[in-house]
Amino acid sequence: MTAQFTDRFVNANELKFHYLDWGSSAKLPMVLLHGVGQTCHTWDLFAAAMAPHFHVMAFDQRGHGDTDWAPNKDYSRKTMVSDVAAFTRALGLDRFFLVGMSMGGANSLSFTANNLERVESLVVVDIGPRVENKGVQHIRDFMQNYREFDSLDEAAAVIHRFNPRRPLEVIRKFTCVYNLKQLPNGKWTWKYDTYFSEGHRPVDVKKMQEELSAEVAKIRCPTLVVKGAESDVFSLDGARYLQEAIPGSEFALVSGAGHSVMGDNPPGFEAAVRAFYQKRGYLPA
C-alpha cells in the first residue's frame, strides 16, 4: 500500500506555507523542495517510498501551490532560502535530510552552504552553478506561452507535448489536478504567482553562477548530484563541475529522464537515492 500524506499548513516568514506530511515524527526528518512552477505534489511517489524510513515533509515554496504569494513579489533565492530556515524552525527540525530539484535544488545548495550544522545529507536534482541557457529558455518559453487552458484535457495535451516522457493519463490525473486551479470564467491556470511567468523575475546567469559556485564550495555533508540523462538544463559538464566543488560528493545519472527526474522516471530516481542512502548507512542494505 502506498503511504498516504496529510495536508498541513504552518506560518513562517510572515506567510502561510502549505506542506504535505508523510510518516512519523519518530523517524529522521526529510525536507523536499520542488522546482519553479511546480508544487509539493511533484514529490508524491518519492516521498511515499521514503516514508517507511523518514518523516518526510514537502512544502509549496512561496508563490507556488497553496502557499501564500509574496505581497512584495520577493522571490529572490536569498528570501526563499530564508523560508527553508523559517519553515524547518517552525516545525522544530534542527537537523534534517534535504532534497531539492531545479529551483528547489539551487535553494537547497544555498541553504546547506549557509547552514552546515543543520543538513545531515543533501540530494540535489538536475541543477548547479552551471546550467544550459537553451534548456532554461525552453522552460521560460513554456511558462510564458501557456498560461490558461479551456479544460484540463487541453492542459494535459499541452503538458504532454512539452514533456512526452510521462503518460498522458498520468499528467491528466495528477499533474493537472495538483498544479492547476479554475478561474471564475471557467478556464484553468497554474497555481503559481504570474510573476514567475511574466518575465519580471530577473536572472543574471553569470552572477548566479558566481554566487552559487562560492556557496557550494562550503558544503561538506554527504551529497548526491542527480542528473536526468535527457535533461537539456543540466549537462554532464555542469554535473561534473558541481560534484568536484563538493568534496566526496557522488553522482547518479538517471536514464529516461529529462530535467524533472523524479517525475520522468520515478523508479530510477528512487533507486539512485536509495543506493546513496544505503551506502551511507542511512537505509538498510
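So the values come out like this:
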quantity: Test result for residue 139, under 18 Å from the mean Cα position of the chain (by Cα), modelled with pLDDT under 95 and under 22 Å from residue 268 (Cβ atoms); calculated: yes
quantity: Extreme residue, surrounded by the fewest Cβ atoms within 10 Å (Cβ to Cβ), among residues of region 6-36 that are more than 17 Å from residue 99 (Cα to Cα) and at pLDDT below 95; calculated: 26
quantity: Residue in region 147-159 that is in contact (Cβ under 8 Å) with a residue 12 or more places away in the chain, over 30 Å from residue 246 (Cβ atoms), under 20 Å from the mean Cα position of the chain (by Cα) and surrounded by fewer than 16 Cβ atoms within 10 Å (Cβ to Cβ) present; calculated: no
quantity: Contacts under 6 angstrom Cβ, first residue in region 212-225 being more than 14 Å from residue 117 (Cβ to Cβ), partner basic (Lys, Arg), 6 or more apart; calculated: 222/280
quantity: Condition met for residue 110 (in contact with a helix residue (DSSP H, G or I) (Cβ under 6 Å, 6 or more places away or on another chain) and among the hydroxyl-bearing types (Ser, Thr, Tyr)); calculated: yes
quantity: Selected residue [of a type outside the set (A, V, I, L, M) and within 25 Å of residue 59 (Cα to Cα)] from 151, 213, 231; calculated: 231
quantity: Sole residue being touching a Pro at 6+ places or on another chain (Cβ under 6 Å) and of a type in the set (S, T, N, Q), chosen from 151, 121, 197, 110; calculated: 121
quantity: Condition met for residue 95 (at pLDDT below 95, surrounded by fewer than 22 Cβ atoms within 10 Å (Cβ to Cβ) and within 17 Å of residue 112 (Cα to Cα)); calculated: no
quantity: Single match in 88, 79 (criterion: closer than 23 Å to residue 249 by Cβ and of a type in the set (S, T, N, Q)); calculated: 88
quantity: Residue pairs meeting the criteria (Cβ under 9 Å; at least 6 apart or on separate chains; first at positive phi, in region 239-268; second of a type in the set (Asp, Glu) and surrounded by fewer than 18 Cβ atoms within 10 Å (Cβ to Cβ)); calculated: 256/230
quantity: Count of region 161-189 residues which are in a helix (DSSP H, G or I) and either charged (D, E, K, R) or within 20 Å of the chain's Cα centre (by Cα) (or both); calculated: 13
quantity: Search result, residues across region 45-67 that are within 26 Å of residue 283 (Cα to Cα) and outside any loop (DSSP other than H, G, I, E, B); calculated: 45, 46, 47, 48, 49, 50, 54, 55, 56, 57, 58, 59
quantity: Residue 242 in a helix (DSSP H, G or I), crowded, with 20+ Cβ neighbours inside 10 Å and either within 20 Å of the chain's Cα centre (by Cα) or of a type in the set (Gly, Ala, Ser) (or both); calculated: yes
quantity: Within region 35-51, tally of residues that are farther than 23 Å from residue 94 by Cβ and in contact with a helix residue (DSSP H, G or I) (Cβ under 8 Å, 6 or more places away or on another chain); calculated: 11
quantity: Of residues in region 51-79 being in contact (Cβ under 8 Å) with a residue 60 or more places away in the chain and touching a Gly at 6+ places or on another chain (Cβ under 9 Å), the one farthest from residue 106 (Cα to Cα); calculated: 53
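Okay, residues lined up against (1) over 19 Å from residue 102 (Cα atoms); (2) of a type in the set (Asp, Glu); (3) loosely packed, with under 13 Cβ neighbours inside 10 Å:
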position	(1), (2), (3)
220	yes, no, no
225	no, no, no
237	no, yes, yes
257	no, no, no
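Here is a yes/no grid of residues against (1) part of a strand (DSSP E or B); (2) crowded, with 17+ Cβ neighbours inside 10 Å; (3) not hydrophobic (A, V, I, L, M, F, W, C):
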position: 69; (1), (2), (3): no, no, no
position: 80; (1), (2), (3): no, yes, no
position: 99; (1), (2), (3): yes, yes, no
position: 105; (1), (2), (3): no, yes, yes
position: 116; (1), (2), (3): no, no, no
position: 130; (1), (2), (3): no, yes, yes
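The values are calculated or read from the model by the stated rules, or taken from the named source; none is laboratory data. Predicted model only: the values in this text are computed from it and were never measured. Every residue, glycine as well, gets a Cβ built from its backbone with ideal geometry; the counts of neighbours run over all protein chains shown.
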